[in-house]
Every structure is written in C-alpha cells, then in structure tokens.
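Presented below is the structure to which this report refers.
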Amino acid sequence: MFDNLSDKLQRVFKDLRGEGKLTEENVQGALKEIRLALLEADVNFKVVKELIEKIRTKALGQEVLTAFSPTEQVVKIVKDELVRILGNTEAKLRYASSPPSVYMIVGLQGSGKTTSSGKLARWLSKNGHRPLLVSVDVYRPAARDQLRIVAEQIKQPIYVGEEGETSPLELAKGAKREAIQTGRDVVIIDTAGRLHIDDELMEELEELKREFTPSETLFVADAMTGQDAVKSAAQFHERLGVSGVVLTKMDGDARGGAALSIRQVIGRPLKFVGVGEKLDAFEVFHPDRIVNRILGMGDMLSLIEKVEGAIDKDQAAEMQEKVLGDSFTLEDFLKQLQSLKKMGSLESLLGMLPNVGPFKELQGAQVDPKEMGRVEAIISSMTKKERANHEIINGSRRRRIAKGSGSSVQEVNQLLKQYREARKMMRAMTGGGKKGGLKRKKKGRKGRPQLGGGVNIQGFPGILGR
C-alpha cells in the first residue's frame, strides 16, 4: 500500500536532512521531487498543484527556514497537508434516527460491490449492529447467489425475496419490511453495476434513492484503476450524490493515486478500504494513520487494534506468563503463528511498523506464506511430549518428524533453531532476560501484565527472509 510513493518521499526527506542548512533553493528542489513523486503515484494533477502550492507557502516561511530543526518542520508541513487532502479525521457512518438505516452500495461492475457489502455487514455486526443484506442485481447471472454465499460465510442474514418480487425496487422494499419485522437496524442494498455508466443504470439507482432516502450511498471503486476510479466516482456523485467512498484492493495498490485524489475531486470522504480478499480484510479509513504509513512513521494504532481483535486477552496473559516463566513450548509457538495468521499478511503487519530504529531492518523483509505452512506441518508432526519439551527431539525423532511433514531434517533443525531464538527474544522483550528489555509494570485490570501504554505483550514469531 503506497509503497512507491512512500519510498520516494522518504528519499526526498533523507536528502533534505543531509543539507547543512535549509535554503529556498533546496526547499524548491525538494518540492520538485515531491511533485514528481505524487504525479508518478497517479495523483490527480489539480490535487498535486494545490498540495505543492500550500506546502511551498508554508515551507518557505521565515519561521521554518530559521527554525532549530527546519527539515523536521518541512516533514510536518507535508504530513499536515497530506492529512488535510485526505479529510483530517475518520468519516463515521451515518444512521437513521428511526431504524432501519438503509445503505446503498453503488459502483461499476467488477469494482467489488458484493464483497464490500459482505465485509461491511461483518464490520457492522462486530460493532454492535444487526445488518440485513439484499441484492437487487436482477440482471447479472448468479449475482444474487454470490451475495448469498458471502452472507453464509460471514453468518449474516440475507433477504432473498418472495414470489413476485422481481424488480430491484420490490426486492429492496421487501428487505426493509423484513428488517423492521426481525429487528435488523441496517439494510445493505447491493445494487447492480455496469461495465460503464449509462442512463438506465442511473435511473434505477435514482429511483431507489428517492424511495428509501438512504443514510449512506457508498460508492465502491477499485483502487488499482487509479484516476479512472476518481472519474467514475465524480460521475456517480453528480447523478446520485454519494455520501462516501469504499476503495477496494488497497493492499495491491503501490501508487495510491485514487486514495489521495478522490476526496479533493468529489468532496466526499473515503470511509473504508478493502485490504485483502478475506472478508475480514476491511478497515476504517483513518487519514492520519495512512499518512504516517506513507511517511515511514508506522501505524501502531492499527497494529494494536488488529492484535486486540485477533488475540484472546486471557490467552495472551497466559502466554506472557509462560514466556516469563521460561515454559514457552513448541505448542505455544504454533498457537502464536496461528494467531498471527488471523491478523492478515505479514507484509501488511510489517508495513505498520515505523521505518526507524530497530524496526528499520524489518521493512525490507520478504515473507514466504508457504514457509509458515511448512512450520505448522513440522510442529503438527511432533508428539505432545516433543512439543512440550523440545530437548528430547534427537536425531531419530527429527528424521521421523521430517518424513511425517514432508520436509527435510535440515528444515526441522532450522525450525528448532528459530524457536529457541524466538523464545529467547520474547523473554528479553518482556523483561525476563537481558537488561534493556521492556520492563514489566504493575498489573492492569484483571491482573494482566502490561507494558507502558497499556498494551499487552504478545510474542509474534514469524518466518522472515531477507
């Protein structure tokens, strides 16, 4: 996500820091590089022009050029302006004063509307709501079946319609009626799309909007299509008046042009981003956190939220006690790997770490998903006694484990070495090992050991390659 832009901007700031003194000349040079980086990231040229002018005005001010740390001042100006064009703060969903709220999901065919409808329903249910899904795409073969399958996967209800309900309007009315009868507080309408915008599609969507006055009309766009997504968003907004945008495939977009342009062009906020194929790969869009990632400052808040959502607090406390007591076993190692997998790809997690200090080396790490599967297979081929006490795994046991897991003895040896190193590292981090490790503070609520900031320590052993 934003990898290319992030690399280029960080290079510009590194060059600025190398200057003995900040002058108008080297600021102008930096602005030229920033402008080029943004254009190469496929950011709308009008947005780039406005952004550069605002940065220029502030960066060339006398208070910056004569400041004690002028380069840091310039970095802050760039950060503040990027956050501004993204909307400053998270744009929360709106709800009807009298339930159910109706959310219309609109966009072109293939943009990810159906999957995003399911992801949104899952997110709502995790946040205390009771959504009901309905597909009103009566044209595309199997479109309604696709949403039904998604609904089954996330264990959320879907309205399939009654006999005689064959039009989009009738299906949507039926869904709202069922939501009222069953106490569902949000109806998510997955609308039809087209390969291109046409009057027939827009008239259908306008009729739905007139009938339901939805609390949200969310435009779904594929981030990989760059400025085409921005153009489509503008056309939908002109006809429908969208309330917000959902960008899909953000995890595969190394440029970020659509994300950095869309709010400035249509005047509506980005509300959610899809960051993977899985139905839990769906995040609220936080402008400040995204900008921190772009500038290499990390996104620790999102990382902490992912950890808290994936790991049971009681298990975490138990795991920490095992680490501190030097009783962290291969069985525990396996559980930690499985917990880590729940949080998404390791690349996305590493991308949330700041590009400074001890985390800097991790930014270039290459992660092979197959390697994690191999580790699971090796540990699963061990007996309970072997998982509980790795010291008893001798040569003959290693050969048996290798054969049972379809791996080599060398790979079994490598895993055991990685396990011992992870165990040592985790113990040092929790204050049970070398000096300089993170020290334990007083116990928090329910007796759980905590670190500064109240974050429960977890071990995250992974398989990282260079």
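The values are calculated or read from the model by the stated rules, or taken from the named source; none is laboratory data. The structure presented is a predicted model; accordingly, all values stated were derived computationally and were not measured. Heads up, the Cβs are rebuilt from the backbone with ideal geometry, glycines too, and the neighbour counts pull from every protein chain shown.
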query = Given the residues LEU31, LEU5, LEU39, which is the only one that is modelled with pLDDT of 85 or more and under 26 Å from the mean Cα position of the chain (by Cα)?
reply = LEU39
remark   = Here the residues within the stretch 391-413 that are surrounded by fewer than 17 Cβ atoms within 10 Å (Cβ to Cβ) and either modelled with pLDDT under 90 or not basic (Lys, Arg) (or both) are GLU391, ILE392, ASN394, GLY395, SER396, GLY404, GLY406, SER408, VAL409, GLN410, ASN413
ask   = Do we have any residue at all in the stretch 226-239 that's touching a Leu at 6+ places or on another chain (Cβ under 8 Å), in contact (Cβ under 8 Å) with a residue 24 or more places away in the chain and surrounded by fewer than 18 Cβ atoms within 10 Å (Cβ to Cβ)?
value = yes
ask   = Based on what the data block shows, is ALA192 in the same structural domain as TYR139 (by TED's automatic domain parsing), modelled with pLDDT under 95 and under 26 Å from ASN44 (Cα atoms)?
value = no
query = Across the stretch 117-131, what is the total count of residues that are without any contact (Cβ under 8 Å) to a residue 60 or more places away in the chain and buried (at least 24 other Cβ atoms within 10 Å of the Cβ)?
reply = 1
remark   = If you go through LYS434, LYS424, the only one that is surrounded by fewer than 16 Cβ atoms within 10 Å (Cβ to Cβ), in the same structural domain as SER327 (by TED's automatic domain parsing), modelled with pLDDT under 90 and in contact with a helix residue (DSSP H, G or I) (Cβ under 6 Å, 6 or more places away or on another chain) is LYS434
Unique match (being assigned to a helix (DSSP H, G or I), modelled with pLDDT under 90, of a type outside the set (Val, Ile, Thr) and on the phi < 0 side of the Ramachandran plot) among ALA179, ALA259, ALA234, ALA175 = ALA259
key: Selection count, the stretch 193-231, where residues are outside any helix (DSSP H, G or I), under 21 Å from ARG140 (Cβ atoms) and among the polar types (S, T, N, Q)   = 1
ask   = Taking GLU211, is it among the charged types (D, E, K, R) and at pLDDT below 90?
value = no
